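Every read-out reported here was derived from the displayed coordinates using simple, explicitly stated rules and does not represent laboratory data. Just so it is clear, the structure is predicted and the values come from calculations on it, not from any experiment. Counting neighbours? That spans all protein chains shown, and the Cβs are built from the backbone with ideal geometry, glycine included.
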Amino acid sequence: MNPTPVRCLVLACGNTLRSDDGVGPWLAEWAEQRFRNEPGVRVLARQQWTPDLAEDVAHAGAVLFLDCSIAATPGELRLAPVEPAQNDAEAGTHHLGAAELLALSRELYATLPRAAMLLTIGAGSTELGERFSDAVAAALPAAQRRIEETVQRLIG
């Protein structure tokens, strides 16, 4: 497989059946519509990030990772640069975080995107359900603006 290089890969993760954990895939669906006519932007959503995504990351000019965070206040947006993680013997055996996925991309393909950012939204609930908590629902418009601004900056 030889994927087409993209200027910006939007890579989301989360489980749509676990309330706020589904915010990443929800935002990815929105981003797919928002950037459908933007050349060079590719959007992928998965329930979890797995080693096979390292190739997509390696071939992207920049990556914007989207996820929820149980460590943040519900509804809180955090946008931060991501650096590759240190080598971890377990990294190839189960789901990965953004830093581990970058490290795997570097290890397997000897390349990294020129920029990698992680946007998280604090989760209020990860219980079974398909509805977002009030805090996450209220944060969605700000998250959409932040994605739009970040992608434009990364492709610009």
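Which longest uninterrupted range of the chain lacks any trypsin sites (Lys or Arg not before Pro) assigned by DSSP to a loop state (not H, G, I, E or B) and surrounded by at most 12 other Cβ atoms within 10 Å? That gives 37-113 as the longest site-free run. For the chain, the share of DSSP beta bridges that are antiparallel, to the nearest 5, is 25%. Look at the dipole of segment 8-155 built from charges on Cβ: of PHE35, ALA110, ALA138, the Cα furthest out on the positive end belongs to PHE35.
The dipole here belongs to segment 35-156: it is taken about the Cα centre, uses +1 on the Cβ of Lys and Arg and -1 on the Cβ of Asp and Glu, and is about 440 debye. Each Cα pair under 8 Å and six or more residues apart adds its sequence gap; the mean of these over the residue count of segment 34-156 is a relative contact order of 34 percent. Rounded to the nearest 0.05, the FRET efficiency derived from the C-beta distance between LEU77 and LEU17 at R0 = 25 Å is 0.60.
Distant-in-sequence amide contacts of LEU118, defined by a placed amide H-H separation under 5 Å and a gap of 5 or more residues or a different chain, comprise PHE65, ALA80, VAL82.
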